[in-house]
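Below: the structure, in structure tokens.
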Amino acid sequence: VGKLFFRPVRFLEKDEWEQAKKMGDSPLAKSLITMTVAQTTSPKLAAPVAKVEASSEPAEVIPEPKKREEKKAELVVKRDLKAVMSGWSSDEAE
């Protein structure tokens, strides 16, 4: 949906103000800003129907999809903080 943006350029003169005020109260202006839902009188179309052609070859059989088995989460062993920290040594010479 397109949008219109307006910005003021100048103040209206007195006669322009009176004309704008009169036009703003007109039925045309009110119909332009009022949203109404129109009722359609057009006939509804039927849904398209697939044509079945007779063929000498049998239709291709497509197997039903199979649900994948869920993988079980692997058990993660938490390591002890002391064991992890002992692996970090700050006494190593470079």
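A compact table of results
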| quantity | calculated |
| --- | --- |
| Relative packing of peptides 11-19, 64-72 - highest average C-beta neighbours within 10 Å first | 11-19, 64-72 |
| Cα-based Rg and Dmax for the range 1-45, where Dmax is the largest Cα-Cα distance (Å) | 17.3, 56 |
| Net charge over other residues, Cβ less than 15 angstrom from the Cβ of A20 (K, R count +1; D, E count -1) | 0 |
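All of the numbers you see were taken from the coordinates with simple rules; none came from a lab. From a predicted model like this one, the values you see are computed outputs, not experimental measurements. Note that we place each Cβ from the backbone using ideal geometry, even for glycine, and neighbour counts take in every protein chain shown.
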